[in-house]
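The values are calculated or read from the model by the stated rules, or taken from the named source; none is laboratory data. Just so we're clear, the structure is a prediction, and the values are computed from it rather than from any experiment.
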Amino acid sequence: MKKLYFLVFFLLLACLKDAADAELPARTQYTLTITAGEGGSVSPEATGTYDAGATVTISATPDAGYEFDRWLGSDFDNSGCAFALYCRTAITINSNRDVQAFFKSQS
């Protein structure tokens with residue numbers, strides 16, 4: 001009877017080891033590239049690779065003498081931030097994305 005228990009025990013251990021060694025499915029990832037045009041910057045530096053479905057929030061800040069104009073490639077292009085000190089947008093990562101912040105001179 002003890003031999004039967006040991007056999008069952010070793011079979012269970014072998015099954016658990018196989019389950020632990022099984023590879024998890026690969027996550028789908030996409031590349032996000034963020035750029036700022038002349039006259040401002042974007043923060044945080046969020047260019048990189050993200051898992052599908054991730055949401056990244058970035059802010060555009062104009063330099064002195066400039067104002068924020070618009071986003072291109074974000075989920076909320078032309079999101080009505082023209083008179084703000086900075087403009088924030090959210091990007092849902094569902095494909096490779098190129099997002100640009102545009103600024104214009106106040107003069």
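In table form, for the structure just shown:
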read-out: Scope the stretch 12-62; condition at pLDDT 95 or above and among the charged types (D, E, K, R); matching residues; value: GLU38, ASP51
read-out: Residue in the stretch 72-94 that is of a type in the set (Phe, Trp, Tyr), in a strand (DSSP E or B) and at pLDDT below 90 present; value: no
